[in-house]
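This report concerns only the one structure given below.
None of the figures in this text is laboratory data; all of them are computed from the coordinates on show. Small disclaimer: the values here were computed from a predicted structure and weren't measured. So basically every Cβ, Gly included, is an ideal-geometry build from the backbone, and we count neighbours across all protein chains shown.
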Amino acid sequence: MNKLVIDFEQLFLSLPGLYLILSPDLTILSSSEAYNLASMTKRDEIIGKKLFDVFPDNSEDLTADGVSNLSASLQSVLKNKMPHTMAIQKYDIRRPDGVFEVRYWSPINIPFLDQHNEVACIIHRVQDVTEFVIIQSQQQEAEQLTRGLQTKLSEMEIEIITRAKEIQKLNTELEAKVATRTATLQQSKIELEAQAKKLKTQNKELEQFAYIASHDLQEPLRTLISFASLFEEEFKGKLNEDAETYLNFIIHSSKRMQQLVQGLLDYSRIGKEVSLKPVNCNEIINEVMDDMAASINESAAKISVQPLPELTGNPIEMRQLFQNLLSNALKFRKKDTSPQISITAEQQTSNWLFSIKDNGIGIAEADKDKIFTIFKRLHNRDEYEGTGIGLSHCRKIVEQHGGNIWIDSQPGLGSTFHFTIQNKS
Ligand code: ADP
């Protein structure tokens with residue numbers, strides 16, 4: 001049988017492990033191909049060179065301690081002539097282009113003793129554990145992250161529970177407050193309703209009184225006026241000057257009183273007749289203007305009327321409303337300026353908004369509310385004739401039709417009366 005000849009050098013070179021053979025003065029004597037591959041070196045370029053010249057520390061890593069750790073391990077092997085297993089090392093590898101690559105190694109240094117029991121050389125064997133270390137460190141990071149998240153989560157849970165408790169407390173307080181408010185409001189509502197009812201009754205009684213009083217005053221007034229007129233007819237020219245003046249005063253004042261009483265009577269009648277009918281405001285305004293043709297012509301007034309709606313209401317009262325506002329617009333004109341009046345209407349959600357604008361004397365801010373009160377006037381009768389009843393009529397009529405009336409005005413710059421009428425059609 002032929003004896004098998006083995007080329008041990010070739011065998012060493014081809015070993016799957018990563019081996020480096022070092023002399024006691026740490027010169028590289030040999031290396032396995034697997035070692036060269038893993039350390040990115042060429043065999044013939046490292047043989048004969050000093051170990052740490054070939055594998056210096058990574059100059060960019062200030063914490064690099066590969067050289068000192070390996071050096072200490074090799075010294076211990078030389079001294080103790082015993083194998084030395086090193087802990088996993090970070091020992092970066094210099095690529096051919098000079099840049100270092102991160103590498104972790106698990107090295108063991110074993111002495112090879114000669115026949116005199118001296119260290120002939122050192123077998124340096126390493127395993128590249130870079131991937132393993134990186135995976136482990138990633139796992140550690142992930143675990144740390146998970147732990148961090150878990151802590152955050154429990155903190156958040158505590159926060160949520162605390163907040164929920166606070167909210168619950170606030171809710172309970174709020175509910176208690178709302179309950180108290182609701183009870184107070186309910187009480188106020190009951191009181192207001194009772195007051196409104198009382199006021200309504202009082203108002204009705206007052207209107208009834210005004211109606212009866214004005215109605216009953218008419219008769220003696222009529223008698224007074226007719227006898228005063230008879231007296232005037234019979235004694236005209238037979239009285240002295242003073243007596244005639246006094247008689248004129250009596251006739252004039254009783255006629256005025258008759259007007260006022262009539263006004264009061266009309267006022268208390270508004271709303272008594274609840275017969276609602278279709279009211280064509282265009283027709284009404286035309287009739288009113290026809291009736292006023294004389295004063296319109298005399299004052300050379302220009303009146304523009306935009307198309308007005310047909311609505312449901314009391315035609316007589318609506319007519320009176322337009323008549324009062326139009327006659328005021330003509331009456332309270334500026335001296336030497338002919339009246340310019342415009343009448344418009346605009347539909348709103350549940351109302352019609354009417355506006356009657358003039359270029360008359362206007363009204364001071366402070367008087368704007370007063371003028372809707374019965375018998376309230378801002379001028380004496382020598383300046384402008386009137387009873388002070390017209391606008392109070394207007395307000396009552398508008399309110400009977402579910403609306404409001406108000407004025408926009410500035411002294412000397414004219415006035416605009418606005419009123420709304422509920423749209424019932
Ligand atoms: P009267 O016209 O009989 O005085 P009203 O009740 O109609 O009574 O008006 C009350 C007061 O409001 C008037 O005396 C006047 O001072 C003021 N007023 C009414 N309409 C106008 C207007 N268009 N321009 C300026 N003032 C007005």
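Structural remarks
- Under the combined filter of DSSP loop state and at most 16 neighbouring Cβ atoms within 10 Å, the stretch 29-127 retains these trypsin sites (Lys or Arg not before Pro): K42, K49, K81.
- Virtual spin-label span in nm between T85 and S188, 7 Å along Cα→Cβ: 8.8
- Length available on full extension from F12 to K335: 0.36 nm per residue minus the Cα-Cα distance, which gives 103.2 nm.
- Spin-label pair Q202-S299: with each label point 7 Å from Cα along the Cα-Cβ axis, the two points sit 3.8 nm from one another.
- Longest DSSP-loop-exposure-free segment, chymotrypsin sites (Phe, Trp or Tyr not before Pro), the chain, at most 14 other Cβ within 10 Å: 1-374
- Amide H contacts under 5 Å for G271: none, restricted to partners 5 or more places along the chain or on a different chain, H placed in the peptide plane at 1.01 Å from N.
- Based on the Stokes-Einstein relation at 4 °C and a viscosity of 1.567 mPa s, and on the Kirkwood radius from alpha carbon pairs, the chain is assigned a translational diffusion coefficient of 38 µm²/s.
- Calculated Rg and Dmax of the stretch 8-128 using C-alpha coordinates, Å: 13.9, 44
- Qualifying aspartates and glutamates (Cα of each under 18 Å from Cα of K255; at least 8 residues distant if same chain): D216, E219, E232, E233, E244, D266, D382, E385
- Dimensionless Rg/Rh of the stretch 272-422 - Kirkwood Rh, Rg from C-alpha atoms: 0.94
- The phi-based Karplus calculation (6.51 cos²θ - 1.76 cosθ + 1.60; θ = phi - 60°) puts the 3J(HN,Hα) values of the stretch 334-341 at 7, 4, 6, 10, 7, x, 10, 10 Hz, whole numbers, x for Gly and Pro.
- Counted residue by residue at 0.36 nm each, then reduced by the alpha carbon distance between them, the extension gain from E244 to Q75 reaches 45.5 nm.
- Cβ-derived FRET efficiency at R0 60 Å, R43 paired with I161, nearest 0.05: 0.30
- On the beta carbon distance between A179 and L149, with R0 = 30 Å, the FRET formula returns roughly 0.10.
- Pairs exceeding 30 Å between alpha-carbon atoms, taken from K3/K50; K197/K396; K277/K370; K198/K370; K197/K370: K3/K50; K277/K370.
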